[in-house]
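The values are calculated or read from the model by the stated rules, or taken from the named source; none is laboratory data. Small disclaimer: the values here were computed from a predicted structure and weren't measured. Note that each Cβ is placed from the backbone with ideal geometry, even for glycine, and that neighbours are counted across all protein chains shown. With ligands, DNA and RNA removed, areas are computed over all heavy atoms of the protein, side chains included. Shrake-Rupley method; radii C 1.70, N 1.55, O 1.52, S 1.80 Å.
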Amino acid sequence: MAVNKPRVNLVIRDEFTSASLNDFSTAKDTVHLYYEGKDKNVNMDLEEIEDTIGHKIHPLVFDLYKIAFSAYMVDLLFRRPEKTGGRTLSILVSVSDKSKWESQNQSLRATFRLLTGDNFNFHFIQGIRPEKEYEYVEKSRKVVSLFSGGLDSLSGVKHLLDNNKDPILISHCIQNLVCHIQSTLSELIDKALTKRIEFHQISARQVPGKGLAQSEISQKSRSFLFLSIASIFALELGIRDIYLFENGVLAMNLPIVESRSFNNTKTAHPDFLNQFNTCLLYTSPSPRDRQK
């Protein structure tokens, strides 16, 4: 009797997922992403991140990044149907603690359903287990602030400085023009203040010329990735607060016109942020949390 294998749309390829491919159903349109090695077709800027924080990312924190990045890429590479209802998108990815992420699978699916309107299925494969568990310990009084290059995030920098905060600006760089705007604004801020504000531009995207053509322009999953990149810096540097500045109307998801009720962005929707925080707190308990 034939066994129906779970179908996957996207695979984050490494030795663990490659060894498990026979347990899943793939097709011609299944996307295989390589973030290292000779077949590398996506860039996650791991060297930039690790050079900045001064050490290797803990495997559990890297799990969060891979999950966020894979969701973002499958969102870009598979076209959204014209009618509402969303897509079903399945991802195969290895993680350092399969049981932990399996226990969070339903929460992840609900978070992405709220954010994108799509049905995400995550299939986790056990990878190399970390030598020691991750524990969040507060070490710095700095704050992390998402810096997109728009007016909202630029105004947010002023708000933080006016309130005596010391921000680390984190940008997600996806297009050359946007990357240039972000860098230029960062330089102008430094010039106006006559001091340098720490700024890091992370290029999490396709490698040009490797055949990964973008099919979808909405990028509804991007805020999960953007927040995850910011969270890497916060988790690894022991920073407690991450700031996301957004126009109030957009943050509350108020449709500009009735026809945008489904397609309106949920980038900073309170329900989404609450669900993301829940995922983050579960991923990175503090020593005090472990004693409860």
Checklist entry - Hey, Tyr282 hits all of (1) in a helix (DSSP H, G or I); (2) at pLDDT below 75; (3) over 12 Å from Tyr136 (Cβ atoms); (4) within 21 Å of the chain's Cα centre (by Cα) but one; which does it fall short on? => result (3)
Next on the checklist: If a residue must be among the small types (Gly, Ala, Ser), touching a residue at least 60 places away in the same chain (Cβ under 8 Å) and surrounded by 14 or more Cβ atoms within 10 Å (Cβ to Cβ), how many such residues does the range 149-196 contain?
Outcome noted: 2
Next on the checklist: Can you tell me how many residues within the range 128-148 are surrounded by fewer than 21 Cβ atoms within 10 Å (Cβ to Cβ) and either more than 21 Å from the chain's Cα centre (by Cα) or assigned to a loop (DSSP other than H, G, I, E, B) (or both)?
Outcome noted: 14
Checklist entry - How do the pairs read when you match residues in the range 213-235 that are over 17 Å from Tyr282 (Cα atoms) with residues anywhere that are open to solvent by 30 Å² or more (accessible area, probe 1.4 Å) and of a type in the set (Lys, Arg), using Cβ under 8 Å and keeping only pairs 6 or more apart or on different chains? => result Ser215/Arg79; Glu216/Arg79; Glu216/Arg80; Ser218/Arg80; Lys220/Lys266; Ser223/Lys266
Next on the checklist: Filter the range 197-250 down to the residues that are part of a helix (DSSP H, G or I), among the β-branched types (Val, Ile, Thr) and open to solvent by 20 Å² or more (accessible area, probe 1.4 Å) and list them by number.
Outcome noted: Val249
Checklist entry - Inside the range 91-116, can you point out the residues that are among the aliphatic types (A, V, I, L, M) and within 16 Å of Ile128 (Cα to Cα)? => result Leu92, Val93, Val95
Item to check | helices (runs of 4 or more DSSP H) wholly inside the range 30-121 containing at least 2 residues that are in contact with a Phe, Trp or Tyr (Cβ under 6 Å, 6 or more places away or on another chain) | outcome: 59-77, 98-103, 105-116
